[in-house]
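These notes concern the structure reproduced below.
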Amino acid sequence: MSVTILDGGMGEAIFEAFGKPDDGWPLLGALERPDVIANLHAEHLRAGADIITTATYHQGRWHMNMNGAADAFGPANRAAARAAADARERVAPGALIAGGLGPVRHSYEVDSVPPPEVVETEVLEQALVLAADVDFFLCETLTTSPEALAALKAARGAGRPVWVALTLHEMGVPTLRGGEPIGAVATLLYDHGAEAVLINCTTPEQVDRALPDLARAAAGRPFGAYANAFIPVPPDFGLGGSVDHPGVREDLSPSAYAAHAAGWAADGATIIGGCCGVGPAHIKAVADTVRPRP
């Protein structure tokens, strides 16, 4: 079975390109330097990615408002989508663009997730801005079934296919950060129209443990993973400000990451990429490892 290669994490790459600001995520990077964002996408395409994801993870309405960039909400999202389109046109015209839709509040913080109707409203607003310039939506780093279902419903309302990615506790039996088993939540999402379900922003080791449960729930439908390179995140950790995280591992080389990816492919994963701290070199190693040799 062939494997579709996702890109790596844009967040850490953007930090390296722009520097980590004192006042939060560089929300306006695509507006101020679209060439930099496009070049980051291009690096992943050259590494072998079949799909690039717009750098819009933290460009939802709440994040923009909280960072004093409310008026830039539409322009910043459109600029990010155009940067991805520019990279595709220059490097790989056959690639797909996923519209990245992150949590509407802080990453990992289950208690900060607002009611489903708020999630729906804010996800739909961002999805409608991106819809004309993307091939499908990727709702990412979701922590509970109500949050994931609300994001799925909203994104589908913008008229594009939707993939949903869930983040897991990284110690013990793998469950969503809200405590639910991955298999049950994946089944629910497929039943409500998700075209693919993935695990993301979780250590590769925990993905190893969780992927068989996801494979069973997928039952032949597209599924996969894109892990992060963070030091394992404890259950009571919250990212809070978007530039705060537990640190990037030094032991997760491209070849080490690709070894995990090979195991995911052996478990039947049809979509493999990388999340925070996983860059083009890792993606190239994955592509070289899981794609059939000619």
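Springs join every pair of Cα atoms under 10 Å in this Gaussian network model of the chain, and among ALA261, ALA158, ALA80 the largest mean-square fluctuation is at ALA158. For the range 33-49, backbone phi angles converted through the Karplus equation (6.51, -1.76, 1.60; θ = phi - 60°) give residue-by-residue couplings of 9, x, 5, 5, 4, 4, 5, 5, 4, 4, 4, 5, 5, 5, 6, x, 5 Hz, Gly and Pro being listed as x.
In whole percent, how big is the carbon plus sulfur part of the accessible area of the chain, probe 1.4 Å, protein atoms only?
So the carbon and sulfur contribution to the accessible surface is 54 percent.
Here the Kirkwood formula puts the hydrodynamic radius of the range 132-183 at 11.7 Å, using every distinct Cα pair. Averaging 1/r over each pair of different alpha-carbon atoms in the range 30-156 and inverting the result gives 14.7 Å, the Kirkwood hydrodynamic radius.
Backbone amide hydrogens, once placed in the peptide plane, bring ASN228 within less than 5 Å of CYS201, THR202, THR203, CYS275, excluding anything fewer than 5 places away on its chain.
The amide H of THR53, built 1.01 Å from its N in the peptide plane, has ASP7, ALA98 as neighbours under 5 Å, considering only residues 5 or more places off or on other chains. Here's the picture: charge each Lys and Arg Cβ at +1 and each Asp and Glu Cβ at -1 in the chain, and of ALA154, ALA269, ALA80 the one pushed furthest to the positive end of that dipole is ALA269.
In this calculation the C-beta distance from ASN65 to ASP288 is compared with R0 = 41 Å, giving a FRET efficiency of 0.45. Straightening the chain between ASP135 and ARG46 buys 30.1 nm, computed as 0.36 nm per residue apart minus the Cα-Cα spacing.
What the Cα convex hull of the chain gives, in volume per residue, is 111 Å³. Less than 5 angstrom separates the built amide H of THR4 from those of ILE271, ILE272, all sequence-distant by 5 or more or on a different chain. Fully extending the segment from ALA184 to SER112, taken as 0.36 nm per residue of separation minus the present Cα-Cα distance, adds 23.7 nm.
Could you do me a favour and compute the accessible area per residue for the chain, 1.4 Å probe, result in Å²? Show your work: numbers first, answer last.
Details: 11250 Å² over 294 residues.
Value returned for the chain: 38 Å² of accessible area per residue.
Evaluating 6.51 cos²θ - 1.76 cosθ + 1.60 at θ = phi - 60° for every residue in the range 201-217, the Karplus couplings come out as 6, 9, 4, x, 5, 6, 4, 3, 6, 8, 4, x, 5, 5, 4, 5, 5 Hz, glycine and proline recorded as x.
The values are calculated or read from the model by the stated rules, or taken from the named source; none is laboratory data. Remember, predicted model here, so these are calculated numbers, not experimental data. So basically every Cβ, Gly included, is an ideal-geometry build from the backbone, and we count neighbours across all protein chains shown. What goes into the accessible areas is simple: the full protein's heavy atoms, side chains included, and nothing from ligands, DNA or RNA. Shrake-Rupley method; radii C 1.70, N 1.55, O 1.52, S 1.80 Å.
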